[in-house]
Amino acid sequence: QTLAVIGRESPLGLIRKVASKAEPQLERMLADLRAAEFIYEQPALTDAEYIFKHALTQEVAYNSLLIGRRKLLHERAGHALESMFAEQLDDHLAQLAHHYSRSDNVSKAVEYLGRAGQQALQRSAHADAIGSLTAALDLLQKLSDSAERIQRELLLQLALGPALIAVKGWAASEVERAYTRTRELCERLGDPPELFPALLGLWAVYYLRGELPKAYELAEQLLRRAQGAHAPALLLLAHLALGDTSLSMGEFLLAREHLEMANSRYDRERPMAIGHDPGVNCLSYIAHTLWTLGYPDQALKKGDEAVALAQALSHSLSLAFAEGLVGYLHQYRREARAAQETAERLTDLSVEHGFPHWLAQATVTRGWAMAKQGHNQEGIAQIREGLAAFRAIGDGVLLPHALCLLAEACGEAGRLDDGLSALTEAIAAADEHGIRQYEAEAHRLKGELLLRQDHSKAAEAQGCFQRAVELAHEQSAKSLELRATMSLARLLNGQGRRDEARSMLADIYNWFTEGFDTADLKDAKALLDELEGTRT
């Protein structure tokens, strides 16, 4: 029975070491059990290992113990492990957690389950981390209420948040509960430093859900707290939160300012308080901001730097973050093949590690890329699949962009009503939640589909194009303004207003200083040459 307890969930090689260091009488027991053919010996690197001949024998022996005796033996096994491996406890956390969690020593069980969960999180074993941390939290309820118990729960909840984010997605209700509980615990302790990561976690929840006013308010709270603490690491995260939120709200100049301030404070040696590396986040969102502001080449350079950093860190969730955003960047640049290749890498990574958010994003990106390469129906189906996944995990902030990609693919397939329906939803989401990052493009695409649906709707389409130009201009979104101006210029040219069309297109085209090999600028140059009566 003792052998069954010690060997349960532990390498049976420990039995020999326990026998020699803790209970010498076990040597005789081992010999008797071998003679009776209950166990057999096999060679090992440092000593012999003993294995039960039949798993059922071990199970029967274990279950025949009275519960009290079983708990006592588990605790003894834990003490023996601590004694034998005092200098290498991190190599035996799972075994220690197992034995103590089956003993009456709740405090030790919570300690080792928590440490095992943290270790699993560092290794990107997110499901294992959730299991250990949740078990620790459940056991913690058995301890009497005290400031120490609250502090221990606080740290466990903070560790649980990033693991849940990886497996469930940022917007999941489980993530919100973990960080809401953390904030409640902080309030009971007064104003501990853990309140900052609790607010940061809640910011991430509301940001990914697309509840941008609430997210922005939390980001401002983070900045005030960081400024009061005079802590560069906290300032990085606060500016990052404000930058990400500003980008989705269509405040691109403000987003660039905050993101560059965050990036200037980046130190890759600091722990990843948001589940992924903040430097990867900064570079990725700076890339999106730069493309929108009219710097497509600088944007791609930053996106590639984000991927390189994530690879250097060997951190799977950070790599998924970088690949996900560089995939969208290729979509912005209308590079279908590159977008597809990135999406396929991200799909493999997301399936391997169980990242639902990034799998959804990869599916949308790949769908758009397939549609752009002539596989319209397959592409539309994939985009719809990605949209359904976003909705299932509660990710609202990316819905307007994905709906625009669906509308674009539907338009190319001749499914104009479906495309217009998607755009109606995208524009409504922008109005309701303030998700204005891609709003100008939504109005431009609506105008294009209206023209294709019925040319008598030219006046309505023109209104859409003008609205898109105005929005993009107000946001300093030069890349989107260029697209909208091209759509409007083609319409005006068809109405015999060539000079007006040429003048407005020349103004925006001449603003650009890079990206002349990208599809948008090539198309703009070709249209400008046509309007000027020359072809090159």
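The values are calculated or read from the model by the stated rules, or taken from the named source; none is laboratory data. What you are looking at is a predicted structure, and each value in this text was computed from that prediction instead of being measured. All Cβ positions, even for glycine, are placed from backbone atoms using ideal geometry, and neighbour counts span all protein chains on display. Each accessible area value is taken on the protein alone, full model and side chains, heavy atoms only, with ligands, DNA and RNA left out. Shrake-Rupley method; radii C 1.70, N 1.55, O 1.52, S 1.80 Å.
Worth pointing out:
- Which listed residue is under 33 Å from the mean Cα position of the chain (by Cα) and either modelled with pLDDT of 95 or more or of a type outside the set (A, V, I, L, M, F, W, C) (or both), from H455, H433: H433
- Flag if L253 is in contact (Cβ under 8 Å) with a residue 24 or more places away in the chain and either crowded, with 17+ Cβ neighbours inside 10 Å or of a type in the set (F, W, Y) (or both): no
- E153 satisfies every condition listed in (1) open to solvent by 10 Å² or more (accessible area, probe 1.4 Å); (2) more than 14 Å from A94 (Cβ to Cβ) except (1).
Quick grid of which residues meet (1) closer than 27 Å to V167 by Cβ; (2) open to solvent by 10 Å² or more (accessible area, probe 1.4 Å); (3) of a type in the set (D, E, K, R); (4) in contact (Cβ under 8 Å) with a residue 40 or more places away in the chain:
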| position | (1), (2), (3), (4) |
| --- | --- |
| G279 | yes, no, no, no |
| L283 | yes, yes, no, no |
| Q298 | no, yes, no, yes |
| Q311 | yes, yes, no, no |
| L319 | yes, yes, no, no |
| Y328 | yes, no, no, yes |
| R333 | no, yes, yes, yes |
| H353 | yes, yes, no, yes |
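- Residues satisfying the stated conditions in region 498-521, i.e. surrounded by fewer than 16 Cβ atoms within 10 Å (Cβ to Cβ) and over 21 Å from Q462 (Cβ atoms): N510, W511, T513, E514, F516, D517, A519
- The number of residues in region 182-200 being of a type outside the set (A, V, I, L, M, F, W, C) and under 21 Å from A233 (Cβ atoms) comes to 7.
- Qualifying residue in region 385-392 (condition: of a type in the set (A, V, I, L, M, F, W, C), assigned to a helix (DSSP H, G or I), open to solvent by 40 Å² or more (accessible area, probe 1.4 Å) and modelled with pLDDT under 95): yes
- Checked against the criteria, E184 does not count as more than 23 Å from A147 (Cα to Cα) and either without any contact (Cβ under 8 Å) to a residue 24 or more places away in the chain or in contact with a strand residue (DSSP E or B) (Cβ under 6 Å, 6 or more places away or on another chain) (or both).
- Test: residue in region 448-469 that is buried (at least 22 other Cβ atoms within 10 Å of the Cβ) and of a type in the set (S, T, Y): no
- Region 263-277, subset open to solvent by less than 50 Å² (accessible area, probe 1.4 Å) and under 17 Å from A178 (Cβ atoms), residue modelled with the lowest pLDDT: A273
- All of (1) open to solvent by less than 10 Å² (accessible area, probe 1.4 Å); (2) at pLDDT below 90 hold for L143 with one exception: (1).
- Of all residues in region 489-520, those satisfying the criterion of being assigned to a helix (DSSP H, G or I) and in contact (Cβ under 8 Å) with a residue 40 or more places away in the chain are A489, L491, W511, A519, D520.
- P197 being open to solvent by less than 60 Å² (accessible area, probe 1.4 Å) and either outside any helix (DSSP H, G or I) or modelled with pLDDT of 95 or more (or both): no
- In this structure, L133 does not satisfy being farther than 27 Å from A389 by Cα and of a type in the set (A, V, I, L, M).
- Filter result for T347 (surrounded by 24 or more Cβ atoms within 10 Å (Cβ to Cβ) and β-branched (V, I, T)): no
- Failed item in (1) outside any helix (DSSP H, G or I); (2) at pLDDT 90 or above, with E174 passing the rest: (1)
- Where a residue in region 398-410 is open to solvent by less than 10 Å² (accessible area, probe 1.4 Å) and its partner, wherever it lies, is in a helix (DSSP H, G or I) and of a type in the set (D, E), with Cβ under 7 Å and at least six apart: L403/E425; C404/E441; C410/D418
- Residue ranges of helices (runs of 4 or more DSSP H) in region 61-135 with at least 3 members at pLDDT 80 or above and either among the charged types (D, E, K, R) or open to solvent by less than 70 Å² (accessible area, probe 1.4 Å) (or both): 93-101, 106-122
- Test: residue in region 167-176 that is charged (D, E, K, R) and in contact (Cβ under 8 Å) with a residue 60 or more places away in the chain: yes
- Filter result for E425 (closer than 20 Å to Y332 by Cα, open to solvent by 20 Å² or more (accessible area, probe 1.4 Å) and more than 16 Å from the chain's Cα centre (by Cα)): no
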